[in-house]
Amino acid sequence: MNTFILLIFEFIKTGLFAVGGGLATIPFLNEMSIKYGWFTSDMLTTMIAVSESTPGAIGINMATYVGYHMFGIKGAIGTTLGLVFPSIVVITIIANMMEKFQDSKLVKDIFNGLKPAVIGLILAACMGIFISSLFNKDYSLKVSSVILLILLLFIQNKYKKIHPIFLISLAAIIGVVFKL
Amino acid sequence: MNLLLDLYLTWFKLGLFTFGGGYAMLPLIQREIIDNKKWATEEEVMNYYAIGQITPGIIAVNTATFIGYYKKGIIGGIIATLGVISPSLIIITLIADLINNFSELIIVQHALSGIKVAVTCLMLVAIKNLYKSNVKDKASLLIAISTFVLSYFTSISTTLLVVSAGVVGIVFTKLNLFRKDKS
């Protein structure tokens, strides 16, 4: 099979079977690297680091990078659209079904359990970023980061209307100026 | 403004300022989608996140598709999704050639250290707000804590946790353990 089509097919497959967010795509990329040798595991590690340090969903960033690496801009667009295609189809079907079942007693009961569970899941998923933002690799506390966190929490609490984008930009500037 | 263009631009903005994946997008969704545009309520967004956990694909894309679909049908879902993925496509393509050095650049590392602290701050506040509006009784608190502990400290799959929470929701409702005035 033509490599370009095979590549897009692999990303459609990843989009269809990677359940639970961007990081769930990593095992599939790993498999592609072993099966087809499209990229090395070193490159995969770099890709993860870059995806985490650039804006956007991590899975999308990785798809774009692999596609660009293989076939330039055409590849980047192909892999990214391939990855999101199954989501669009599946979610559209579910959204349509939810419209019909939103008044169902059973669905409401299920969501009574799901809503608090999602908060637990979000907290668990954020622990990684909490720890890496406030601790060094040897688990000692990054004092300057803790001070910045207290400052940001104070600003956020005092000016409730402050936009998250402003807070993110401010923290990036402070990071560069004070060499965090 | 044309609704489709508005959907595209709003999700473009969310994609551009999200660092660290779909969950980190939550504070921005609260501000832009819930408060400013009023395209969804907090409760609806929580439902989309729950469904995003057990359906294939990336949470950010799934949430964009949901909100786009309810605003403007299938084409709305597609446009919102294209909006949220466009910044990644542009940025990664632009930096792809220098990508091997990018994350080692000292200035990038410093900026990123700051950004991570901001994301921590925003997520703490977002989780606090979600907690206040969704956990109003001991039964909900028990579900939230158990899910956190099982998700963080064990390797039980998220799909299994979400499905179990749904079953627990049915059982607890039957046993009248949730506060009545809830939703």
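The values are calculated or read from the model by the stated rules, or taken from the named source; none is laboratory data. Keep in mind the model is a prediction, meaning the values are calculated, not measured. Here Cβ is always computed from backbone atoms with ideal geometry, including for glycine, and neighbour counts include all displayed protein chains.
A few comments on the model shown:
- Of the criteria (1) without any contact (Cβ under 8 Å) to a residue 12 or more places away in the chain; (2) buried (at least 21 other Cβ atoms within 10 Å of the Cβ); (3) on the phi < 0 side of the Ramachandran plot, which one residue B:66 fails: (1)
- Wholly within the stretch A:82-177, helices (runs of 4 or more DSSP H) carrying at least 3 residues that are surrounded by 12 or more Cβ atoms within 10 Å (Cβ to Cβ) and under 22 Å from the mean Cα position of the chain (by Cα): A:105-134, A:164-177
- Per the conditions (1) free of Cβ contacts under 8 Å to residues at least 60 places away in the same chain; (2) under 17 Å from the mean Cα position of the chain (by Cα); (3) closer than 18 Å to residue A:48 by Cβ, the sole criterion not satisfied by residue B:104 is (2).
- Hits in the stretch B:12-23 (condition: more than 7 Å from every other protein chain (Cβ to nearest Cβ) and surrounded by 21 or more Cβ atoms within 10 Å (Cβ to Cβ)): B:14
- Of the residues screened, residue B:159 is not one that is of a type outside the set (A, V, I, L, M), in contact with a helix residue (DSSP H, G or I) (Cβ under 8 Å, 6 or more places away or on another chain) and closer than 25 Å to residue A:141 by Cβ.
- Residues located in the stretch A:23-52, provided they are touching a Phe, Trp or Tyr at 6+ places or on another chain (Cβ under 7 Å) and without any contact (Cβ under 8 Å) to a residue 12 or more places away in the chain: A:33
- Residue in the stretch A:124-134 that is among the polar types (S, T, N, Q), touching a Lys or Arg at 6+ places or on another chain (Cβ under 6 Å) and outside the structural domain of residue A:53 (by TED's automatic domain parsing) present: yes
- Residue, nearest to the other protein chains (Cβ to nearest Cβ), within the stretch A:48-78, restricted to residues that are surrounded by fewer than 24 Cβ atoms within 10 Å (Cβ to Cβ) and within 17 Å of residue A:32 (Cα to Cα): A:69
- Those residues of the stretch B:69-104 which are crowded, with 24+ Cβ neighbours inside 10 Å and among the aromatic types (Phe, Trp, Tyr), in sequence order: B:69
- Checking the stretch A:17-24 against the condition returns a match, with at least one residue being part of a helix (DSSP H, G or I) and either more than 23 Å from residue B:18 (Cα to Cα) or at pLDDT 90 or above (or both).
- Residue B:49 vs. criteria facing chain A (nearest Cβ under 9 Å), assigned to a helix (DSSP H, G or I) and under 16 Å from the mean Cα position of the chain (by Cα): yes
- Criterion: in contact (Cβ under 8 Å) with a residue 40 or more places away in the chain and of a type in the set (Gly, Ala, Ser) - qualifying residue of B:60, B:40: B:60
- For residue A:85, the stated conditions do not hold, so it cannot be described as of a type in the set (A, V, I, L, M, F, W, C) and touching a Leu at 6+ places or on another chain (Cβ under 7 Å).
- Scanning the stretch B:52-63 for residues that are outside any helix (DSSP H, G or I) and of a type in the set (A, V, I, L, M, F, W, C) turns up just one, B:58.
- Near pairs, Cβ below 7 angstrom, 6+ apart or cross-chain, from the stretch A:121-149 (touching a residue at least 40 places away in the same chain (Cβ under 8 Å)) to any residue that is assigned to a helix (DSSP H, G or I): A:125/B:23
- Residues of the stretch B:125-139 satisfying the condition of being without any contact (Cβ under 8 Å) to a residue 40 or more places away in the chain and at the interface with chain A (Cβ under 7 Å from one of its Cβ atoms): B:127, B:131, B:135
- Taken over the stretch B:1-45, residues that are over 28 Å from residue B:108 (Cβ atoms), under 11 Å from the mean Cα position of the chain (by Cα) and of a type in the set (Ser, Thr, Tyr) amount to 0.
- For the stretch B:140-171, a residue qualifies if it is over 14 Å from residue A:112 (Cα atoms), at the interface with chain A (Cβ under 7 Å from one of its Cβ atoms) and aliphatic (A, V, I, L, M), and the qualifying residues are B:145, B:161.
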